[in-house]
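**Q** Have a look at this one.
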Amino acid sequence: KIHNEGDEDEKLESIEIPSFIKSPVLSQVYPALVSHKEKYGNPNIPLGSTDGKRCKTLRRLHFQNKLSDDEVALLTDMGFRFHSFEDVYYECDFDEMLGKLMDYRAEFDTFQIPKKYEPDPELGAWVTMLRRLYRTKDLPANQIEKLNEVVFEWVSTRKCGSSFMSRYREVLSKLSEAAEAGVDISKLLIEDEELKKWIIGQRVAYENGNLSESRVQCMDEIPGVNWRGID
């Protein structure tokens, strides 16, 4: 059967857009999302097209809390893939985000931005990933150089606001210093049974659904340890 673009356009035009959709971007791409899901089983249109770029924009709008609850629920039910913290770092333009960070620094006189910074959730996530990638030595040298030039604070001093934080800070400090000194973290965990036992305790709590999202994010910042897989 020969593909007829006219028929395809006519089909897209016939798809009714829910009345609660207020986002112009979602209104534009919704028919294509429906069509893509019918064809491929998911609405995640590849980037190399106008609708694919609109999907990328939708992900940013979601992370910025600029989509309504109904719009998010609709996309979730369709199986639309939203951004994770990692996606934000890789999708965002470094210089653009650095400019936003410098604006934050000028206003608040600090780089200690909350992970969930409500006025700009992308910025909080981006800074969190910068510190994480720096600790794991995965941050590009040119980006490290630019951040050092503005005297960026590589260690977060913000608190997650939970009772486990005092022990967590001890663990984070110890393992961060060890990682920077080139110490083999796996050997360190063998030598320090209490430290390893505490990390395993967090893994068990996570597997049982008893570790809050904020604590999970804190644990993800510990360098040199796959805490979710430790045994």
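**Q** Within the group Glu96, Glu149, which residue is over 20 Å from the mean Cα position of the chain (by Cα) and modelled with pLDDT of 85 or more? Quick ask: steps written out before the conclusion?
**A** On the way: Glu96 fails: over 20 Å from the mean Cα position of the chain (by Cα).
The unique qualifying residue is Glu149.
**Q** What pairs can you find where one residue is in the stretch 47-59 and under 19 Å from Asp93 (Cβ atoms) and in contact (Cβ under 8 Å) with a residue 24 or more places away in the chain, the other is of a type in the set (Gly, Ala, Ser) and in a helix (DSSP H, G or I), and their Cβ atoms are less than 8 Å apart, with a gap of 6+ or different chains?
**A** Sorted first by the residue in the stretch 47-59, then by its partner, the pairs are Arg54/Ala32.
**Q** Restricting attention to the stretch 40-58, report how many residues are surrounded by 14 or more Cβ atoms within 10 Å (Cβ to Cβ) and in a loop (DSSP other than H, G, I, E, B).
**A** Qualifying residue count, the stretch 40-58: 3.
**Q** Continuing with the same structure: Give the number of residues within the stretch 1-39 that are modelled with pLDDT of 85 or more and in a helix (DSSP H, G or I).
**A** 16
**Q** Need pairs with beta-carbon distance below 6 Å; first residue more than 16 Å from Ser176 (Cα to Cα) and within the stretch 207-231, second hydrophobic (A, V, I, L, M, F, W, C); sequence gap 6+ or separate chains.
**A** The qualifying pairs are Leu211/Ala205; Ser214/Cys160; Ile230/Ile199; Ile230/Ile200.
**Q** Shifting gears a bit: Among what's in the stretch 184-219 and is acidic (Asp, Glu) and open to solvent by 40 Å² or more (accessible area, probe 1.4 Å), pick the residue that is farthest from Pro114 (Cα to Cα). Lay out the reasoning, then the answer.
**A** In the first step, residues of the stretch 184-219 are kept if they are acidic (Asp, Glu); the result is 184, 191-194, 207, 213.
Still in the running and open to solvent by 40 Å² or more (accessible area, probe 1.4 Å): 184, 191, 193-194, 207, 213.
Working: Asp184: 30, Glu191: 34, Glu193: 32, Glu194: 30, Glu207: 26, Glu213: 14 Å.
It comes out as Glu191.
**Q** In the stretch 73-92, is there at least one residue being more than 19 Å from the chain's Cα centre (by Cα), among the charged types (D, E, K, R), over 27 Å from Asn148 (Cα atoms) and surrounded by 19 or more Cβ atoms within 10 Å (Cβ to Cβ)?
**A** There is no residue in the stretch 73-92 that is more than 19 Å from the chain's Cα centre (by Cα), among the charged types (D, E, K, R), over 27 Å from Asn148 (Cα atoms) and surrounded by 19 or more Cβ atoms within 10 Å (Cβ to Cβ).
**Q** Here's something else I'd like to know. Please pick out the residue among Val225, Val204 that is part of a loop (DSSP other than H, G, I, E, B), β-branched (Val, Ile, Thr) and modelled with pLDDT under 90.
**A** Val225
**Q** With the requirement that a residue be open to solvent by 70 Å² or more (accessible area, probe 1.4 Å) and either part of a helix (DSSP H, G or I) or modelled with pLDDT of 90 or more (or both), what does the stretch 110-137 give you?
**A** Matches in the stretch 110-137: Tyr134 only.
The values are calculated or read from the model by the stated rules, or taken from the named source; none is laboratory data. Everything numeric here is computed off the predicted structure, so don't read it as measured data. Cβ atoms come from the backbone with ideal geometry, glycine included; neighbour counts cover every protein chain shown. Protein only, heavy atoms only, side chains kept; ligands, DNA and RNA dropped before computing areas. Shrake-Rupley method; radii C 1.70, N 1.55, O 1.52, S 1.80 Å.
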